[in-house]
Amino acid sequence: MNFGLSDEQELLRAEVRKFLGDRCPIDTVRLLAETEHAHSPELWKQLAELGWLGMIVPEQYGGSDLGWVELAVLLIETGRSLLPAPLVASTLVVATLVDAASDEERERWLPGLVDGSTIGSVAILEESESWTPTAIGLRGEPDRDGFVLTGCKRFVSDPMTADLFLVPFRTGDGEREITVAVVESESDGLSRKSFPSMDRTRRMGDVLFEGVRVPASQVLGPVGEGWPVVARLIDRGAVATAAEICGAAEALHRLSLEYAMDRKQFGRPIGAFQGIKHPLAEMYLEVESSKSLLYYAAWVLTHRPDEVPRAASCAKAYASEKFVRIGVDAIQIHGAVGYTDDCPVHLYFKRAKWARPSYGDSNYHFDRIVGLRGL
């Protein structure tokens, strides 16, 4: 395969970077982070008009029918700018509907998700905070042609702005007897709340189900056979998060390099000293290595589905681990100013704290890689 980007992909990257630089600079990010939901409906509408929300959606549903490499190019840039928007969560809902929904369900939900009138989110985690089928305890009791859900989903992205949630729930006692459904946020018995988190550009919260009825028309695929759908969603979430990590880590390296060239000590830029040169070189190596793993994972998502679990885990494990280290090094290079609100470096470090556990931390994915090798 060719690891270089095509002319069209390079143009996409340039246009995305220009738009975000104009419409969502760091000052705008700070302002949105202090709003109630860290979300701008106006900005979201613009993303829809640019086609970002339907990049991997077939044209018949209003999308662009592009691949995951193009999506990775987009998400690297949104991570680079710390875009405060529910783009990753809504895109994962879109990808799952394209993959697992019936034609009728796609016609029902995809056009709204693509044009921005509907926002989706994913509700998987519960009390154990594990990404395994046994961790799903939310029960779906049979009720006429559907199910009634009672339980709670935790650490849900953008719960207050989402119009619908992708929810896996248990419909049997077997380890993988999982069913997946789309649940609308205005459903009777559904309540949600947001809680403070370190990264103010990313809202998290809980979704509580108290006798929420889900008709059969909102169930994706056969009842009790939904775990493969969830597993693919987790892999895609890992790749999407790794893409934003790569962009944010690249921005940290750029900020640190610029500061090292501008800040003078003993009459010389601090970048001239080995104590600064070496961390900067290591940061660059780690960013480029993360991007290589990411682009391969994005490529296999489209072209080699059998390789996705290992490639996704490699990309997420490496990126998660290195992003935190890059953040620490960036703060060290900036010195005391790196801890202040005026310096954007600490905003990226907070994003690292959000991204590390999202869709599995490095320990989870390294263990998974070993397991996939049969060791």
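One table, with the values for the structure above:
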quantity: Complete set of residues in the stretch 44-74 that are within 18 Å of the chain's Cα centre (by Cα) and farther than 28 Å from Y296 by Cβ; calculated: W44, A48
quantity: Conditions (1) touching a residue at least 24 places away in the same chain (Cβ under 8 Å); (2) within 23 Å of A240 (Cα to Cα): number failed by T134; calculated: (2)
quantity: Odd one out for D143, checked against (1) modelled with pLDDT of 95 or more; (2) surrounded by fewer than 21 Cβ atoms within 10 Å (Cβ to Cβ); (3) within 13 Å of G211 (Cα to Cα); calculated: (1)
quantity: Selection count, the stretch 65-91, where residues are part of a loop (DSSP other than H, G, I, E, B) and either closer than 13 Å to E15 by Cα or touching a Pro at 6+ places or on another chain (Cβ under 9 Å) (or both); calculated: 2
quantity: Answer from L285, L257 - the residue that is surrounded by fewer than 20 Cβ atoms within 10 Å (Cβ to Cβ) and farther than 30 Å from M55 by Cβ; calculated: L257
quantity: Top-ranked residue in the stretch 330-375 [being part of a helix (DSSP H, G or I) and of a type in the set (F, W, Y); ranked as surrounded by the fewest Cβ atoms within 10 Å (Cβ to Cβ)]; calculated: Y339
quantity: Flag if A312 is touching a residue at least 12 places away in the same chain (Cβ under 8 Å) and aliphatic (A, V, I, L, M); calculated: yes
quantity: Matching residues in the stretch 336-375 - criterion: being of a type in the set (G, A, S) and either in contact (Cβ under 8 Å) with a residue 60 or more places away in the chain or more than 25 Å from H278 (Cβ to Cβ) (or both); calculated: A352, A355, S358, G360, G371, G374
quantity: Unmet criterion (only one of (1) at pLDDT 95 or above; (2) more than 34 Å from the chain's Cα centre (by Cα)) for Y284; calculated: (2)
quantity: Residues satisfying the stated conditions in the stretch 103-118, i.e. free of Cβ contacts under 8 Å to residues at least 60 places away in the same chain and either touching a Leu at 6+ places or on another chain (Cβ under 7 Å) or of a type in the set (K, R) (or both); calculated: R106, R108, L110, T118
quantity: The stretch 153-163: number of residues that are over 17 Å from the mean Cα position of the chain (by Cα) and assigned to a strand (DSSP E or B); calculated: 1
quantity: Hits in the stretch 8-58 - residues which are of a type in the set (K, R) and more than 27 Å from L255 (Cα to Cα); calculated: K45
quantity: Residue in the stretch 257-273 that is part of a helix (DSSP H, G or I), under 30 Å from A238 (Cβ atoms) and assigned by TED's automatic domain parsing to the domain that holds A238 present; calculated: yes
quantity: Residue check, A100 outside the structural domain of V207 (by TED's automatic domain parsing), crowded, with 22+ Cβ neighbours inside 10 Å and touching a residue at least 24 places away in the same chain (Cβ under 8 Å); calculated: no
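The values are calculated or read from the model by the stated rules, or taken from the named source; none is laboratory data. Computed from a predicted model, the values in this text were never measured in an experiment. Counting neighbours? That spans all protein chains shown, and the Cβs are built from the backbone with ideal geometry, glycine included.
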